[in-house]
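Beneath this line is the structure, given in structure tokens, with notes to follow.
The values are calculated or read from the model by the stated rules, or taken from the named source; none is laboratory data. All of these numbers come straight from a predicted model, not from anything done at the bench. Neighbour counts run over all protein chains shown; Cβ positions are idealised from the backbone, glycine included. Heavy atoms of the whole protein, side chains included, go into the accessibility calculation; ligands, DNA and RNA do not. Shrake-Rupley method; radii C 1.70, N 1.55, O 1.52, S 1.80 Å.
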Amino acid sequence: MALSMYTKPHDGSIKSKVVASLGEHDIAFLPLASYDGAIDPALAPILRGVPGGDVAGATTCAKALASTGTYPMYAPREQVDAWVKWDDEVLAPRVATCVKMLRGETPFVRAAFDDAATRLDAALAELERYLAPRYEKDDERFMADGENLTLADVFVVCSLYDAFSCAVDAAAKERYPNVCRLLYTVAASPGIQKAIGTPTSVDAVTIPSSGNNDSGAAAESAATAAKPRSSSRSAPAPAATGPPTGTPEEIAAAEAAASAQGLVVKSLKDAKKAGDATVTDDQVKAAVATLLELKKRADALKGVVAAPPKGKGKGGGEKKPPPAKKEKAGNAKAIKETGLGLTASVEDDFGAWYSQVVVAGELIEYYDISGCYILRPWAYSMWECIKDFFDAEIKKTGVENCYFPLFVSAARLEAEKDHIEDFAPEVAWVTRSGQSDLDIPIAVRPTSETVMYPQFANWIRSHRDLPLKLNQWCNVVRWEFKHPTPFIRSREFLWQEGHTAFTNKKDADAEVRHILELYRRVYEELLAVPVIPGVKSEKEKFAGGLYTTTVEAFVPATGRGIQGATSHCLGQNFAKMFDITFENATGGRSMAWQNSWGCTTRTIGVAVMVHGDDIGLVLPPRVAPLQAVVITIPNTKMSKEDTGRMKETGQKMTASLLAAGMRAKLDDRDNYTPGWKYNHWELKGVPLRCEFGPRDLEAGHCVVVRRDNRAKETVKLEDLPTRLPKLCEEMQADMLARATKKRNEAITTCTSWDGFVAALDAKKMVLTPWCETKESEELVKKRSMDDGEGGAAKTLCIPFIQPPLEPGTKCFVTGAPATTWVIWGRSY
Ligand code: 87F
């Protein structure tokens, strides 16, 4: 049965179900059959209801809601029409069939269920294919970003909500990331959340057995959204969870905190078992209590509700309690395998692993604004290493640091329309101070070209004022709508932005390459991450500039490329706009040539992704906040003097490392067991651990363990200051070599379309001969999206180091003459 949707202050006079409140207006579903024309369309405009998908009233409806000031919600009528129609005809009926049978609202008929589930899966796949390129492109955010919501979005989301909260298992979240994004972003609107709750997905869907169930195996293998996962088939599956109350980030943080505390408990218990008299029962008890609290908090955020007492559940006792959760069992296994606090592994669930490792490694703390993160000292210290290196290098070339304001007037920001147009949706604006609206809103800088260049115009008068080379270390804000990831994509981030002006193109070109080389060194020499330096395609370059150079890194675990840093030659575009002209050496006027270049805290995220393992962070020694930690291992049998001597020697060892210029620390805390301390520093990725026990004390040596490969060697105490710096250098070199080998193995060459998508699906980047046209890039994007599973590929860069291009070589996709080799990949 078709449903209508209308808005009006809901007075209960109409038999309908209110599904959402937007401002003063309610959005309700009304069975079409019960619509008798009694609702005055002017008061309560019908969004749909006329068979055939007419959306008469949509505009009135949109205006009414927009007038509440909450939702500017205009969309082309055809689009709303199509969207509603699709929900009406494709999505909603399939969801309804599955959901009703699973909830026991209609009899369970195996064949009908399988059919609906298969078709539901197809509908979700279709939606995913539809959404992915739109989310990929920043300029097509017509919906589902939570701020440009149409009523039609609400329709689709209501259907998805039903599907995900009953019939779609957690694995679908991975298969349909963009569908989930739609669901979560729209459902994040407070009005909608109030009405429908926070969406979740069930861990497993148990297909009820039924009288005509003779095709269990077929149901298992059907490509259904409601893929049956559980072996229990006796009862309709009550959802194991309620709606989560926390954001995914909060949940990840709470889980990480709980698993870290799990470690504390484990090591205390181990120590006690091993006869460590310093560990008291009370200590263990307190640690366990904390653990239970943290678990409870994580469960609450996840929406895990305690199973109702038998017979008292909502269903009147006929439903069995949910089977033991599969995921829990999986986690327990992971904990046991790693033994070390991270419950997700790099290979099985990279996203979850990353969220856990940045928190457990104490780099990041989540914050209550999505996309904003707290950089803890452990992360900031890495940023300082990068900063110190880069800052010193640019100063050698005459760059001066400065600071321009955080805020930009609209007039300045929009002075260079072409440049800002593409980015406009990401600009954040301040519109109010206290309770009063500002006369003119002001923007928060997303980058500083338009902030700085009016001053450049003032300061540059003569060729003697050039080159002008400025840089600032600062924060910028870009209100991203893609899924945020700590360091990798955040709404506020730290960076340096360099802005320079020259009298001629040759000098500008040379600087672009020099800066890019510094970025390469940041990645390869500091972070041990190999990068490919090259130039961006016309489509991917910074639109305001002449050309963009880039260093592209690669994350093997996901097979995705990631832009490391960019150095742009802006040509004379900005000089034209901002009138940056100078009197040249012959007395005439010329326009300046400009560059801009930037590198962000993304660097840290890339290094974490490339080097981290199932145990935790693995930090490259050159940027590790601590390069070595000395851990004393006293035992209860030691005399007081020996314990004191051990402590003192530990201090001396550490001092000798510090004197040798290393970043070192002594961990002689006696409220933690050695095992706990090992885990702690491993999780934080400290390159070298010096274990110093009673026998080592007697022998005058210690055991040094490398974090990256866990290789151990015994080092005489007097050799520590010479050996450990060497070990750091070896580890640094090995990390780069390992990552380079992996990266190189992940580059496949394709000279035709054959094998292109298969290579992407095998987590590779692809090197191809290319004709360099925008159309071919669009074509590859579309074809790779349609043929593959992991989203579209784009050009990462045209590498500076090119294989020979034989005359007559054809573009791998168009067959036109190739003009270059280019690297393609799925990317962050
Ligand atoms: C987002 C909002 C507004 C990127 C934006 O790469 C403007 C922009 O101009 C924007 N996102 N960009 C391009 C930045 C170019 C350039 N700026 C200086 C850099 C390096 C540092």
With only Lys, Arg, Asp and Glu charged, each at its Cβ (+1 for the first two, -1 for the last two), find how big the charge dipole of the range 654-743 is about the Cα centre; round to the nearest 20 debye.
-> 580
Bridge orientation stat for the range 746-827 from DSSP, antiparallel percent rounded to 5, came to 75
So how much accessible area does Thr632 have, in Å² to the nearest 10, using a 1.4 Å probe?
-> 10
Mind jotting down the distance between the C-alpha centroids of the range 587-605 and the range 622-655, whole Å?
-> 48
In terms of solvent-accessible area of protein heavy atoms at a 1.4 angstrom probe, what is the ranking of Asp349, Asp579, highest value first?
-> Asp579, Asp349
Quick one: how many lysine pairs in the range 746-827 have C-alpha atoms under 19 angstrom apart, if they're 8 or more apart or on different chains?
-> 13
If His483, His680, His499 are ordered by their accessible area, calculated over protein heavy atoms with a 1.4 Å probe, which sequence runs from highest to lowest?
-> His483, His680, His499
Full extension from Trp479 to Phe407: what is 0.36 nm times the residue separation minus their Cα-Cα distance, to one decimal in nm?
-> 24.4 nm
Mind counting lysine pairs for me in the range 619-695? Cα separation below 19 Å, and the two need to be 8 or more apart along the chain or on different chains.
-> 7
Modelled FRET efficiency - R0 45 Å, Gln802 with Arg103, Cβ distances, 0.05 increments | 0.15
In the range 693-798, which GluC sites (Glu not before Pro) are in a loop and have at most 16 other Cβ atoms within 10 Å, using DSSP for the loop call?
-> Glu789
Can you give the accessible area of Trp459, probe radius 1.4 Å, in Å² rounded to 10?
-> 130
The convex hull of the Cα atoms of the range 568-691, divided by residue count, gives a volume in Å³ per residue of 166
Work out the P(r) tail for the range 570-616: percent of alpha carbon pairs separated by more than 15 Å, whole number.
-> 64
Once you wrap a convex hull around the alpha carbon atoms of the range 746-827, what is its projected area averaged over all directions, in nm²?
-> 4.8
In Å², nearest 10: area of Asp465 left accessible to a 1.4 Å probe = 60
Counting only residues 5 or more places away or on other chains, whose amide H sits under 5 Å from the amide H of Arg376 once H atoms are built in the peptide plane?
-> Ile364, Glu365
Treat the range 377-611 as a sphere of radius equal to its Kirkwood radius over Cα pairs and apply Stokes-Einstein at 4 °C in a medium of 1.567 mPa s; give the translational diffusion coefficient in µm²/s, rounded to a whole number.
-> 70
Could you sort Ile801, Ile442 by accessible area so the largest value comes first, with the probe set to 1.4 Å?
-> Ile801, Ile442
Which cross-chain or sequence-distant (5 or more) residues have an amide H under 5 Å from the amide H of Thr343, H modelled 1.01 Å from N in plane?
-> none
